[in-house]
Amino acid sequence: MVDTYSNGRADSMANDRRTVLRTIGLAATSTGLVGTAGADSESDDPTDAGRDGTDDTLVTLPHGVATGDVTATTATVWGRTADAATVHVAYGHDGSFDDIGYGRTTVDAETDHTGHVRLEGLEPGTRYRYHVWATRAGTTYRPFRDGNGARGQTTEGEPGTERSNRNGRGPRGNDTAERGPRENPEAGGDAPLAGGDGAGDLLPDAIESGTFVTAPAPDDDASVTFAWSGDTWGYGDDPVEPPFPGLQTIAERQPDFFLYHGDTIYADAETPAGTITGQTPLDDALEIYRDKYKEMRDPPADVADRTGLRELLETTSVYTVWDDHEVVNNFAGPIEPLMPAGRRAFREYWPLDRDDGAEPGESNRFYDSFRWGSHVELFLIDTRQYRDPNVELESKTLLGATQLEWLKDALADSDATWKLLASPAPLGYPSDSWVTPADRTGYEAELLDLLEFVRTEPISNLVVVAGDVHKSVVGAFDPDDDGEFEFVEAIAGPLGAPAGEPDDLYPPLNPTEFFARGEYANFGTVDVDESGETLTIGIYDERGTEQFTETFRAADLDAGTGPEPPDRIESTFDEDGDGWLISQNGGSDRPVYRESGGNPGGHVSDEENQGGIAWYYHAPFKFLGDREAFYGGSLSFDLRQARTDRQFDAEPVEGGDVLLAGDGAKLVYEFRGPERTPGTEWTSFEVPLSADATWIDLTSQNPLATEERFRAVLGTLETLRIRGEYRSGDDTSFLDNVVLSR
């Protein structure tokens with residue numbers, strides 16, 4: 001559910017609470033607030049509450065409330081009680097509260113007393129206010145009409161109670177909101193509650209309230225604005241403690257929704273709730289995770305009086321994404337024994353509703369898409385639960401096959417003007433996820449697959465919003481070097497963790513950097529205008545001071561169908577390093593660019609003093625993808641060395657002199673003859689791209705590549721490497737004029 005446009009007036013909130021209490025028939029007594037009588041009570045007097053023996057004493061909600069995963073017609077309310085209870089939700093149009101809906105769910109220790117209630121049958125593009133309270137008994141409210149005591153909802157399980165779900169598939173159980181006209185005859189009055197005027201003073205503690213706005217209908221040309229950031233509380237030896245001003249600043253901006261973009265807790269950092277480590281017993285981990293979420297909403301008094309999170313969650317709805325610190329630093333789900341406990345706590349403590357086959361808050365599927373009018377669709381992905389470990393593997397996935405195919409299909413099926421991809425870690429900025437050039441153990445092949453799909457489908461107006469790296473960076477990317485951006489990416493955060501200085505964007509994606517700043521707390525905003533023609537990205541510090549803003553037009557990100565396969569792809573290095581990297585070189589991740597001394601013009605170079613380990617120049621994305629059209633063509637380049645003594649033996653190292661990888665196969669080519677190694681002057685090499693040449697297939701029982709195998713590799717080319725080191729010991733190599741031609 002989405003929360004927006006809170007008026008922030010305490011007197012208005014209190015009046016709303018008084019109104020809803022009158023409407024639902026709660027009363028105050030000398031022993032505190034109590035609920036209505038059970039359904040079998042004959043009395044219409046609200047002061048008779050509890051006379052039938054039921055215990056309707058209100059149970060506190062010590063960690064506030066939240067709404068999340070809003071759609072045009074549904075929303076999910078979250079709350080946590082202090083004890084086993086029935087949680088009640090009443091909701092209606094903000095301001096008038098003239099059409100009251102109701103829902104409930106029971107909670108107990110099994111879910112740490114957290115519960116989720118789905119509100120259904122909502123009106124698109126409408127502001128709602130909701131009120132949440134909890135009772136020890138399972139009775140529901142009884143609305144009053146002109147004081148005559150006409151009953152609305154019934155007790156738990158009473159015949160005639162209507163149930164429905166978001167997709168109209170029938171009964172769902174007791175956590176679904178029940179809708180229908182609920183007249184509020186006293187909305188305009190101010191009659192005192194039963195039990196005396198003193199009850200009004202108890203209301204703020206008795207009932208938790210918030211506001212949200214539903215998404216516009218998919219065919220509604222509506223403007224949309226949201227904020228995003230993440231990374232809160234505790235990090236290594238340098239903790240950042242609450243309150244976090246950025247959370248309050250975002251609440252004051254009243255966005256349509258907040259995207260809480262990962263590391264919502266730091267489970268593995270020192271905070272009063274404890275610390276998760278690799279040695280934490282599994283039986284203890286769940287309680288530590290739960291305590292982390294609780295302290296984010298209600299910190300210990302000796303640390304701070306608040307974090308700012310509850311204020312934000314009461315004034316706007318949230319889409320919550322998880323990243324690594326919800327479990328443990330840089331974890332990979334399939335091999336992490338702590339993952340199930342961390343996942344369970346995340347599901348319990350956020351208002352998630354991303355699986356039509358599950359009750360809200362019960363599904364382990366965290367990826368989904370949410371439509372906001374005709375111009376915006378938000379795609380949330382999970383980069384932790386299904387990923388392979390970040391080690392050197394022949395084939396590796398970040399999203400998992402099922403999620404990757406879902407994402408492709410969802411992007412292709414969307415007719416929204418702007419596609420907003422919420423990736424916890426950036427696509428175009430080095431991290432432990434999509435691209436990790438320093439040690440070449442990233443997930444570049446899967447990223448290339450996704451970007452080729454975006455280019456060829458085509459997927460226009462793709463904007464990535466990311467977090468995780470604790471810097472604010474905005475850039476655009478043209479990986480195929482055709483002069484058109486395939487996507488824009490904006491990174492924001494942290495809100496409550498240390499921040500570092502930004503690094504360069506990932507060169508092989510052919511980036512254009514618009515903004516980069518580190519060492520401060522920050523958040524980002526996205527504003528799409530009513531026409532859908534423009535999207536504006538803003539970056540703000542935690543106090544709301546603008547750091548950067550840029551407006552993009554839909555025409556700027558039209559991926560088109562992609563160019564026809566070119567006849568020639570080249571890197572002459574006359575202007576820059578053109579996105580080339582160095583691989584297998586002890587941590588060096590990019591070559592040195594030299595403006596002169598090439599053959600002719602500029603060139604790239606690298607040196608290494610580890611000896612005996614061949615390193616390679618690694619081609620950028622513009623050389624990769626579907627290159628089957630180049631079968632029968634050639635790869636040419638110029639190489640030279642600083643010295644030519646102490647050459648490697650003739651025995652080939654894996655990778656040969658040229659390596660091509662794709663379709664799960666590796667093909668290598670080795671130079672033959674007396675000039676098989678470069679000299680101290682520029683030496684030109686030309687490699688035939690044909691099975692007629694001697695290409696070795698490293699991944700087949702057939703030692704030589706067949707035409708079928710060769711075409712398959714070129715058709716899904718993931719890697720192109722050119723050997724840079726030919727000498728044992730210290731070496732320096734130079735590369736120029738790389739040309740792929742057909």
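Judged by the mean number of other Cβ atoms found within 10 Å, the most tightly packed of the peptides 235-244, 304-313, 426-435 leads the ranking 426-435, 304-313, 235-244. Here the label points at ALA412 and HIS93, each 7 Å from Cα along the C-beta direction, are separated by 4.3 nm in the simple model.
Rounded to the nearest 5, what % of the DSSP beta bridges within the range 215-553 are antiparallel ones? Don't skip to the answer; put the middle values down first.
Numbers: 36 of 60 bridges.
So the antiparallel bridges amount to about 60 percent of the total.
Per-residue surface analysis assigns ARG297 an accessible area of about 10 Å², computed on protein heavy atoms at 1.4 Å probe radius. From largest to smallest, the equivalent ellipsoid semi-axes obtained for the range 568-741 from the alpha-carbon gyration tensor read 24, 19, 14 Å.
Taking a probe of 1.4 Å, how large is the accessible area per residue of the range 215-553, in Å²?
Details: 10790 Å² over 339 residues.
I get 32 Å² per residue for the range 215-553.
By the gyration tensor of its Cα atoms, with a ≥ b ≥ c the square roots of the eigenvalues, what is the shape of the range 215-553: rounded for a/c under 1.5, prolate for a/b over b/c, or oblate? Here the range 215-553 falls in the rounded category. Rounded if a/c is under 1.5, else prolate if a/b beats b/c, else oblate: with a ≥ b ≥ c from the C-alpha gyration tensor eigenvalues square-rooted, which is the range 460-586? Since a/c reaches 1.5 but b/c is at least a/b, the shape of the range 460-586 is classed as oblate. Peptide packing for 498-511, 698-711, 315-328 was compared via the average number of neighbouring C-beta atoms within 10 Å per residue; ordered from the highest value, the list is 315-328, 498-511, 698-711.
Convex hull over the alpha-carbon atoms of the range 316-470: what's its volume per residue in Å³?
Working: hull volume 19.4 nm³, N = 155.
Expressed per residue, the convex hull around the Cα atoms of the range 316-470 is 125 Å³.
Work out how much length SER363 to TYR520 would gain on full extension: take 0.36 nm times their residue separation and subtract the Cα-Cα distance, in nm to one decimal. Spell out each step's value before the answer.
Details: separation 157, 0.36 × 157 = 56.52 nm, distance 3.55 nm.
Difference between extended and current length: 53.0 nm.
Distance between the pseudo-spin-label points of GLU392 and GLN647 (7 Å out from Cα toward the beta carbon): 2.6 nm.
Less than 9 Å Cβ to Cβ from LYS294, Lys/Arg counted +1 and Asp/Glu -1: what total charge do the surrounding residues give?
Values: positive: ARG80, ARG290, LYS292, ARG297; negative: ASP112, ASP291, GLU295, ASP298.
For residues surrounding LYS294, the net value is 0.
When the Cα gyration tensor is reduced to axis lengths a ≥ b ≥ c, the ratio a/c is 1.5 or higher for the range 340-412, and with a/b not above b/c it is classed as oblate. Counting 0.36 nm for each residue step from PHE453 to ARG553 and taking away their Cα separation leaves a gain of 33.8 nm.
Once backbone amide H atoms are built at 1.01 Å from N, ALA72 has ALA215 as its partners under 5 Å, excluding neighbours fewer than 5 places away on the same chain.
The fraction of accessible area contributed by carbon and sulfur in the range 311-429 is 45 percent, rounded to a whole number (1.4 Å probe; ligands and nucleic acids excluded). From most to least packed by mean Cβ count within 10 Å, the peptides 212-220, 665-673 give 212-220, 665-673. Of the solvent-accessible surface of the range 568-741, computed with a 1.4 Å probe and all protein chains present, 41% belongs to carbon and sulfur. Subtracting the Cα-Cα distance of SER636 and THR275 from 0.36 nm times their residue separation leaves 124.5 nm of extension gain. Protein heavy-atom accessible surface, 1.4 Å probe, per residue over the range 56-142: 23 Å². Run the simple label-point estimate for SER700 and GLU405 please: 7 Å along Cα→C-beta, distance reported in nm. Rounded to a tenth, the inter-label distance reads 2.6 nm. Amide H contacts of TYR386 (H built 1.01 Å from N, in plane; Pro and chain starts excluded): GLY333 sit under 5 Å, all sequence-distant by 5 or more or on other chains.
The values are calculated or read from the model by the stated rules, or taken from the named source; none is laboratory data. None of the values given here were measured: they were computed from a predicted structure. All Cβ positions, even for glycine, are placed from backbone atoms using ideal geometry, and neighbour counts span all protein chains on display. Side chains are part of the model used for accessible areas, which takes the heavy atoms of the whole protein and leaves out ligands, DNA and RNA. Shrake-Rupley method; radii C 1.70, N 1.55, O 1.52, S 1.80 Å.
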